[in-house]
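The values are calculated or read from the model by the stated rules, or taken from the named source; none is laboratory data. Predicted model only: the values in this text are computed from it and were never measured. Neighbour counts are summed over all protein chains in view; Cβ atoms, including those assigned to glycine, are modelled from backbone coordinates with ideal geometry. Calculation scope for accessible area: heavy atoms of the full protein, side chains included, ligands and nucleic acids excluded. Shrake-Rupley method; radii C 1.70, N 1.55, O 1.52, S 1.80 Å.
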Amino acid sequence: MHHFTYRENHLFAEDVDLTALADEVGTPFYVYCEATLRRHLRIFADAFAGTDALIAYSVKASSNISVLKVLASEGAGADVVSAGELHRARAAGIAPEKIVFSGVGKTRDELSFALDANIYQFNVESEPELVALNEIAQAKGQRAPIALRINPDVAAGGHENISTGKSEDKFGVPWSRARALYATARTMGGVEIKGVDVHIGSQIDDLAPFEAAFKKVAVLINDLRSDGCAIERLDLGGGLGIPYGEGATPPHPDAYAAMIKRVTAPLGVQLIFEPGRMIAGNAGALIARVIYVKDGATRKFIILDAGMNDLMRPALYDAYHELWPVVKSSDASEAYDVVGPICESTDRFAKARTLPGQHAGDLIAIMSAGAYGASQTSQYNSRPLIPEILASGERYAVIRKRPTLDEIMDGEAIADWLR
Ligand SMILES: *Cc1c(COP(=O)(O)O)cnc(C)c1O
């Protein structure tokens with residue numbers, strides 16, 4: 001569910017008219033509905049009401065500080081994967097005791113930074129990371145609260161590039177080595193074992209792989225306890241899919257929660273969740289303008305002013321996004337390849353998509369772009385990062401401005417011998 005609706009054939013984000021907004025801020029831009037962000041966080045939280053659960057929003061899905069503020073005001077914590085994301089989460093007012101730190105390649109500087117911030121949990125992904133964290137924490141006279149991220153060897157995820165829980169994926173500690181590594185961690189003075197962590201992939205539209213992974217982890221927790229480890233937390237990661245308008249419909253959070261309660265109730269642990277896409281995905285759209293409509297040799301192209309640098313998902317994961325005309329017309333429909341202006345063949349948002357007849361100047365909304373959209377953007381082709389707008393009722397705010405052409409060279413310098 002989201003808050004993009006048509007009123008008299010004009011698309012609105014909450015009560016904000018996107019045609020007027022496009023004239024005001026220029027295209028392309030991202031727009032988010034605050035009401036959708038809040039609603040999705042609440043649906044997730046309500047599904048686990050009555051259980052001891054921390055919802056640590058996965059910051060990488062959409063990391064704008066205003067988005068984080070909205071979610072923080074609903075009680076969300078944060079799952080961060082870099083010092084930069086930790087810095088953002090803190091700047092948005094998220095308390096350190098609600099922040100977990102994931103990621104396969106945390107640097108020593110990042111570990112040190114997170115120790116200084118007194119975060120809730122380090123999700124450690126390898127033995128060398130464990131050794132490094134132990135050393136750094138001991139040098140500071142601290143004990144780092146840890147979970148080991150276990151790779152349960154379960155295939156899941158909407159695309160092979162977003163599966164993370166198979167044995168050949170780079171993530172986590174191999175299933176077969178988990179107990180031994182916990183035993184090692186128990187001997188370390190700079191870490192304190194708190195729990196077990198698992199995250200098997202993203203855009204998962206079926207409960208079965210989750211259930212398979214979580215059952216394996218439940219067995220591991222019992223084994224660890226019999227080894228003498230006090231396991232009080234279980235971090236189940238993120239990964240719940242959202243409807244992108246095509247194909248399977250992912251499970252409702254209530255069904256996801258019912259399965260999890262069934263599997264984890266006997267364990268008596270605090271649950272931690274790291275949802276990203278499920279919170280932010282359908283809260284955002286990318287609004288672009290048609291620059292040209294071009295007749296190719298075999299097909300018609302719509303060339304937008306947004307490109308793959310603004311929304312990478314189609315190029316990166318073959319992702320499907322619905323395309324909605326911002327102003328509905330009764331023009332006869334045609335099949336178009338919808339592409340961006342970048343000099344790459346993968347710069348394409350849709351192939352042979354049927355849309356009402358399009359003309360230069362028309363606006364198109366690329367839907368369900370709120371997660372892994374703005375947070376993945378780059379300035380490739382020296383295109384300025386596009387603005388992000390937050391809509392809230394009739395109000396809107398520019399929550400990231402479009403840099404000027406001078407600003408996109410910020411930080412660059414001419415080497416002195418070239419001056
Ligand atoms: C990306 C990621 C998430 C969020 O995944 P979603 O599919 O967006 O819910 C959670 N945890 C970890 C460790 C991640 O890498």
Residue tally, condition over 25 Å from V59 (Cβ atoms) and in a loop (DSSP other than H, G, I, E, B), over region 353-393: 7
Whichever residue in region 186-200 is of a type in the set (G, A, S) and more than 16 Å from the ligand (Cβ to nearest atom) and, among such residues, is most open to solvent (accessible area, probe 1.4 Å): G189
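State all residues of region 306-341 that are of a type in the set (D, E) and surrounded by 20 or more Cβ atoms within 10 Å (Cβ to Cβ); if no residue qualifies, say none. Give the steps one after another, and end with the answer.
Step one: filter region 306-341 for residues of a type in the set (D, E), giving 310, 318, 322, 331, 334, 337.
Correct list: D310 only.
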Among the residues that make up region 22-39, is at least one of them within 14 Å of the ligand (Cβ to nearest atom), under 30 Å from L363 (Cβ atoms), among the charged types (D, E, K, R) and modelled with pLDDT of 95 or more? no
When A306 is evaluated against the numbered criteria (1) modelled with pLDDT of 95 or more; (2) in contact with a helix residue (DSSP H, G or I) (Cβ under 9 Å, 6 or more places away or on another chain); (3) of a type in the set (A, V, I, L, M), which criterion, by number, is the only one it fails? (2)
Output the residues belonging to region 201-242 that are within 16 Å of the ligand (Cβ to nearest atom), farther than 15 Å from I150 by Cβ, in contact with a Lys or Arg (Cβ under 9 Å, 6 or more places away or on another chain) and not hydrophobic (A, V, I, L, M, F, W, C). S202, Q203, G238, G241
Looking only at region 251-293, filter to residues that are under 24 Å from G50 (Cα atoms) and in a strand (DSSP E or B); which one of those is farthest from the ligand (Cβ to nearest atom)? Q270
So for region 368-376 (the condition being more than 16 Å from the ligand (Cβ to nearest atom) and either open to solvent by 20 Å² or more (accessible area, probe 1.4 Å) or on the phi < 0 side of the Ramachandran plot (or both)), does at least one residue qualify? no
Being open to solvent by 70 Å² or more (accessible area, probe 1.4 Å) and at negative phi: is that true of E394 here? yes
